[in-house]
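The structure appears below as structure tokens.
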């Protein structure tokens, strides 16, 4: 990051428009490569982990009962997270006074190219796949979740005949998770490319706006944490504190890698040690990675309205609440990996007449926001899995002493 800022300032101070444009365009390829590498591994990871989780859960009645309880938690948490983002961005107004009417859009073409206008037809198409291979090729994660649920239920109904397939998919899941670790090694290059390009184009003055944006975002994350911990205490009582200790290592990994997917194996291990049964963990966690990314949800309303503020677009309360509901529907299936939520933000901006190229304004600071929202996603999914386990009577005594 520091190197990117230094080089960006040097290029910006040169005053040569040709050099600035050429440098910005080419250096942002590093960020584009990083984004595309992450998107490459989303589909196989979601498919393999979710199918294995459902197959291990057992009969259709158990799938429906546990899934229903999980969905109640997921949608309630999503609504609260979206509301917090909406309230915080309106209170702090970090985009007001930021005079950037023209944004450099070349660094976000990969994001904006996946957006669609919202309609009932598009919503149904977003949910129901016509081809699992097309869903994988286009990273339509929610469509892949729907297929995986049907596939997992069918696989569970096969009994012992399906055991080899379950084992094979379990191995595939761990292979893809190993790939996640390799991809995360390119994250510093992506950050360097993104921030160096924007500093070269805009200069250091833009960091003042980012400071206000980042501070307001952190305040929102803090409020969300308070809400999650209060609800967690209501459900778990004093066992909340050992759970937080169990989740500390996965949260540190998610914070440093900006990917909640990267901690999936560690999070699964810690939740099992905490006392959650294997069938609950294997089902709820993959489902939560599509439906229960609390930090990402909070960020979506925050970032969308921020971009509107930057361009001086007034959104009344009714419009903002409509935007919230659209985000609630259209965001389901967003993956817990870096930059995935920006696709939803870009789509939402397009629906409400907000310039989609505004995504370029938040991309350089998005990595730092992603660190905090990834850690929040981990604690949100950890709480959800543990709460559903207790709700089902599947929460046992911990296998590890968390008091020491």
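Structure summary
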read-out	value
Extension gain (nm, one decimal) between residue 175 and residue 396, 0.36 nm per residue minus Cα-Cα	76.6 nm
Two-site FRET efficiency, residue 319 against residue 227, from Cβ-Cβ distance with R₀ of 30 Å, rounded to 0.05	0.75
Most to least packed among 380-386, 359-365 [average Cβ atoms within 10 Å]	380-386, 359-365
Residue 212-residue 87 FRET efficiency (beta carbon distance; Förster radius 22 Å; 0.05 resolution)	0.85
Separation of the residue 26 and residue 244 label points, Cα + 7 Å toward Cβ, nm	5.0 nm
Distance in nm between pseudo-label sites at residue 189 and residue 167 (7 Å out along the Cβ direction from Cα)	3.8 nm
Highest average packing first - 77-87, 12-22, 297-307, 278-288, Cβ atoms within 10 Å	297-307, 278-288, 77-87, 12-22
Prolate/oblate/rounded call for segment 19-93, Cα gyration tensor, a/c under 1.5 rounded	oblate
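Just so you know, all these numbers are worked out from the coordinates, no wet-lab data involved. Bear in mind that the values here come from a model prediction, so they are computed numbers and not experimental data. Ideal geometry is used to build each Cβ from the backbone, glycine not excepted, and the neighbour counts take in all protein chains shown.
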